[in-house]
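Here the structure comes first, spelled out in structure tokens, and everything after it is commentary.
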Amino acid sequence: MEQRPIHDLRSSLDLLEESGNDIEHLNRSVNAYCEVAAIYAPRGGGVPILPPTQKGKAYLFERVMPSDARVLVGLFGSRQRCAKLLGTSASQMAHRILNAVANQIPSERIFNPPCQGKVQMQVDLRTLPILTTTVNDAGPYITLGLVMARSPKTGRNSLSIHRLCVQGADTLT
């Protein structure tokens with residue numbers, strides 16, 4: 001049976017739910033300051049986690065404060081789960097990624113995309129459930145922050161992934 005395509009976070013979660021033992025839900029209220037990490041560390045990964053990655057489940061925390069929002073941790077916590085999301089085996093994962101890089105799908109402009117259904121022009125990052133994983137952290141961190149920047153001189157774009165620390169309502173470092 002061929003796996004249906006994974007094209008966003010929702011379809012990734014659906015695949016993990018179908019497998020029956022890749023994701024765990026926690027429905028009680030937990031704090032973004034160290035509590036999520038304290039619960040997840042012994043079950044799915046360490047803080048920090050040493051290679052090779054463990055085989056723990058991903059965890060979907062349903063009520064993370066201060067915003068009472070959902071937070072997913074550990075989606076990419078094991079090679080097996082990453083391979084499953086890519087529709088391949090762990091031993092073939094590098095080949096699958098190299099093939100995808102060599103055969104890129106052209107971008108497509110979508111008007112009125114679902115992700116733009118609710119747009120906030122003013123945001124206070126401190127109200128979001130951005131995790132602080134240890135008491136020694138400088139603050140809450142976005143750990144896989146995708147940053148798109150445009151050079152004011154050349155107009156060229158750059159896309160990169162960063163670990164971003166929340167410094168204020170609208171400031172990251």
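Remark: the range 35-173 carries a charge dipole of roughly 500 debye about the Cα centre, counting +1 on each Lys and Arg Cβ and -1 on each Asp and Glu Cβ. Taking only the C-alpha atoms of the range 44-173, the Rg (one decimal) and the largest Cα-Cα distance, Dmax (whole number), read 17.9, 46 Å. With all protein chains kept in place, the per residue accessible area of the chain amounts to 73 square angstrom at a probe of 1.4 angstrom. For the range 65-114, the gyration tensor built on C-alpha atoms gives an oblate shape. Its axis ratio a/c (a ≥ b ≥ c) is at least 1.5, and a/b is not larger than b/c. For the pair LEU72 and CYS115, a Förster radius of 25 Å applied to the C-beta separation gives a FRET efficiency near 0.95, rounded to the nearest 0.05. Using C-alpha pairs below 8 Å separated by at least 6 residues, the relative contact order for the chain is 18 percent. With a simple spin-label model that places each label point 7 Å from the Cα along the Cα-to-Cβ direction, the separation between SER11 and ASP124 comes to 3.7 nm. Considered as an equivalent ellipsoid built on the Cα gyration tensor, the range 111-167 has semi-axes of 25, 19, 11 Å, the largest given first. Solvent-accessible area assigned to carbon and sulfur over the chain amounts to 55 percent, based on a 1.4 Å probe.
The values are calculated or read from the model by the stated rules, or taken from the named source; none is laboratory data. Just so we're clear, the structure is a prediction, and the values are computed from it rather than from any experiment. Every residue, glycine as well, gets a Cβ built from its backbone with ideal geometry; the counts of neighbours run over all protein chains shown. Heads up: the accessible areas ignore ligands, DNA and RNA and are worked out on the full protein's heavy atoms, side chains in. Shrake-Rupley method; radii C 1.70, N 1.55, O 1.52, S 1.80 Å.
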